[in-house]
């Protein structure tokens, strides 16, 4: 998925409901939609930036997460 | 693993459900003949199957992030609802967030986020993010609730976002920016620190820290604004956005730091009055006493930074090192992490007001006494703080220790000792019984004296006692 597609699909869109036992809370739910959309964009940029850095350093691009695990 | 029992007798004989295990319809914990099991309900079948078949369970267990379990063939506690019964690996001690140091809570938070990131890769998501689902096992935080995962539905927000902010981000930011003692709010609020309270208590400058602005201050405002409104929960966001949210929370947590008084650690703890030979002698005696009684578990009460707790854990004894000072516990924990220590668990505890039974029906979180007895207690350079600073009569102290441990390694610090003189300097001496004779006589009512040794270069004595059976 390229950056533009990712940014496009990050927009909020309507879907079906879940069945969790925790109440997400109205205010928390609305805020999460807002924040997730905002920081999700930064996250994509950050992820690609890391990939670019990894490429120039000759490191495998998936290395970071797996090292931490 | 020990946990409070639900006293309601609605189960077959010998089976008891646990008092903390009732919110999630996915399943519950129960004990049968003293062994802890978890019933997985049919309602959770799809999620459990995905956890086990997707490779997520193996990945998390291999990484030491999730407690391993075995599927067992025993009678479920509620057969009509059961899909499976699993037996989780035994944990030696259950501790709670209000007993953790700053870095313990921080590591528990980062572990939760790491698990969520991995879960999303395997098509699952954490459906709760309670700090109580994390326990320290062999020195590391581990998720103990196997039923915390649900199949991730593309577009669904992170259902446990609010809980994560209340259980982790709010207390950690209060500890880092306002006062480390505010962690005790976790003891008052069973579902984490309310965000409006955190927002009020945090200094204004935290509004300049983006993760705290978003997840605490704006979050609190949003909760207030929508408190009595119904929102359309069918609107959703995609996986990348959820990953971005988790990443931003992680940035926020990683950005929180705490050191006592904002100082470097250095020689923060050198407050004792032993000569080097006296200190070495005391260490040797503690080691000898432990060799004599061979305990599997030790609680070191008033452990400070864990100097003498190490004598126990170096012998392979599981040692819980309690201290009232969050800075001492923090230093002990960071040292344990550095050494890769597996046998020590440092915890914050005020012995004059130990952790009570709290939560629904007073059965969700165990008191200190409910988690007793331990094989051996150590109470070194502690008695004067209890008997003089806190006015606890020696006989009551003996009764308290009698409930907690089978063996007792205890140091008597006489009035002539400079540390006791310091405590008496500003107050009237109303403790005529605080003498060696008074101490021995008070403890003889509850314990049998096994050994007593004077500590070199001091007027202190070290006792080994065994509790009497009542």
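Collect the residues in region B:154-170 that are over 18 Å from the mean Cα position of the chain (by Cα) and either away from every other protein chain (no Cβ under 12 Å) or surrounded by fewer than 21 Cβ atoms within 10 Å (Cβ to Cβ) (or both), keeping them in residue-number order.
Answer for region B:154-170, where residues must be over 18 Å from the mean Cα position of the chain (by Cα) and either away from every other protein chain (no Cβ under 12 Å) or surrounded by fewer than 21 Cβ atoms within 10 Å (Cβ to Cβ) (or both): B:154, B:155.
Every residue, every condition in (1) touching a helix residue (DSSP H, G or I) at 6+ places or on another chain (Cβ under 7 Å); (2) modelled with pLDDT of 95 or more, yes or no:
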position: B:8; (1), (2): no, no
position: B:13; (1), (2): no, no
position: B:17; (1), (2): no, no
position: B:22; (1), (2): no, no
position: B:33; (1), (2): no, no
position: B:40; (1), (2): yes, yes
position: B:44; (1), (2): yes, yes
position: B:50; (1), (2): no, yes
position: B:62; (1), (2): no, yes
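Among the residues of region B:375-390, what is the count of those that are buried (at least 16 other Cβ atoms within 10 Å of the Cβ) and outside any strand (DSSP E or B)?
Total meeting the criteria: 9.
Tell me whether region A:5-21 contains one or more residues that are within 16 Å of the chain's Cα centre (by Cα), buried (at least 16 other Cβ atoms within 10 Å of the Cβ) and modelled with pLDDT of 75 or more.
For region A:5-21, residues within 16 Å of the chain's Cα centre (by Cα), buried (at least 16 other Cβ atoms within 10 Å of the Cβ) and modelled with pLDDT of 75 or more: absent.
Restricting to region A:31-40, what's the tally of residues that are under 10 Å from the mean Cα position of the chain (by Cα) and more than 7 Å from chain B (Cβ to nearest Cβ)?
Final tally of qualifying residues: 1.
Considering only region B:292-374, give the strands (runs of 3 or more DSSP E) lying wholly within it that have at least 2 residues that are out of contact with any helix residue (DSSP H, G or I) (no Cβ under 7 Å at 6 or more places or on another chain) and crowded, with 16+ Cβ neighbours inside 10 Å.
Those strands (runs of 3 or more DSSP E) span B:297-301, B:318-323.
Among the residues of region B:171-181, are any within 14 Å of another protein chain (Cβ to nearest Cβ) and buried (at least 18 other Cβ atoms within 10 Å of the Cβ)?
Checking region B:171-181: not a single residue is within 14 Å of another protein chain (Cβ to nearest Cβ) and buried (at least 18 other Cβ atoms within 10 Å of the Cβ).
Considering region B:143-153 alone, what residues qualify as being within 22 Å of residue B:108 (Cα to Cα) and facing chain A (nearest Cβ under 7 Å)?
Within region B:143-153, B:150 is the sole residue that qualifies.
Does residue B:104 qualify as being more than 29 Å from residue B:331 (Cβ to Cβ) and either touching a strand residue (DSSP E or B) at 6+ places or on another chain (Cβ under 7 Å) or at pLDDT 95 or above (or both)?
So residue B:104 fails the test.
Just give me the residues in region B:48-69 being assigned to a loop (DSSP other than H, G, I, E, B), away from chain A (no Cβ under 14 Å) and touching a residue at least 24 places away in the same chain (Cβ under 8 Å), in sequence order.
B:54, B:67 - these are the residues of region B:48-69 that are assigned to a loop (DSSP other than H, G, I, E, B), away from chain A (no Cβ under 14 Å) and touching a residue at least 24 places away in the same chain (Cβ under 8 Å).
Take region B:19-47 and flag every residue that is surrounded by 18 or more Cβ atoms within 10 Å (Cβ to Cβ) and without any contact (Cβ under 8 Å) to a residue 40 or more places away in the chain.
Those that are surrounded by 18 or more Cβ atoms within 10 Å (Cβ to Cβ) and without any contact (Cβ under 8 Å) to a residue 40 or more places away in the chain: B:21, B:29, B:31.
I'd like to know if region B:70-79 contains one or more residues that are touching a helix residue (DSSP H, G or I) at 6+ places or on another chain (Cβ under 9 Å) and either touching a residue at least 60 places away in the same chain (Cβ under 8 Å) or in a helix (DSSP H, G or I) (or both).
No, region B:70-79 has no match at all.
Being crowded, with 17+ Cβ neighbours inside 10 Å and modelled with pLDDT of 95 or more narrows it down to one residue among B:250, B:288; which is it?
B:250
Can you pull out the residues in region B:130-140 that are more than 21 Å from residue B:27 (Cα to Cα) and within 14 Å of another protein chain (Cβ to nearest Cβ)?
Once the filter is applied, which keeps residues that are more than 21 Å from residue B:27 (Cα to Cα) and within 14 Å of another protein chain (Cβ to nearest Cβ), region B:130-140 yields only B:140.
Can you name the residue in region B:197-242 that is under 29 Å from the mean Cα position of the chain (by Cα), part of a helix (DSSP H, G or I) and surrounded by fewer than 16 Cβ atoms within 10 Å (Cβ to Cβ) and, of all such residues, is farthest from the other protein chains (Cβ to nearest Cβ)?
The extreme case among them is B:200.
Out of region B:80-92, which residues are closer than 11 Å to residue B:38 by Cβ and touching a residue at least 60 places away in the same chain (Cβ under 8 Å)?
Result: B:86, B:88.
Yes or no, residue by residue, for (1) farther than 22 Å from residue B:62 by Cβ; (2) buried (at least 22 other Cβ atoms within 10 Å of the Cβ); (3) away from chain A (no Cβ under 13 Å); (4) touching a residue at least 60 places away in the same chain (Cβ under 8 Å):
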{"site": "B:94", "(1), (2), (3), (4)": "yes, no, yes, yes"}
{"site": "B:110", "(1), (2), (3), (4)": "no, no, no, yes"}
{"site": "B:116", "(1), (2), (3), (4)": "no, yes, no, yes"}
{"site": "B:128", "(1), (2), (3), (4)": "yes, yes, no, yes"}
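Take region B:390-423 and flag every residue that is more than 22 Å from residue B:378 (Cα to Cα) and under 33 Å from the mean Cα position of the chain (by Cα).
Scanning region B:390-423 gives a single hit, B:422.
If you go through region B:416-451, how many residues are outside any helix (DSSP H, G or I), in contact (Cβ under 8 Å) with a residue 60 or more places away in the chain and over 30 Å from residue B:469 (Cβ atoms)?
1
The values are calculated or read from the model by the stated rules, or taken from the named source; none is laboratory data. All of these numbers come straight from a predicted model, not from anything done at the bench. Glycine also receives a Cβ, built like all others from the backbone with ideal geometry; neighbour counts cover every protein chain displayed.
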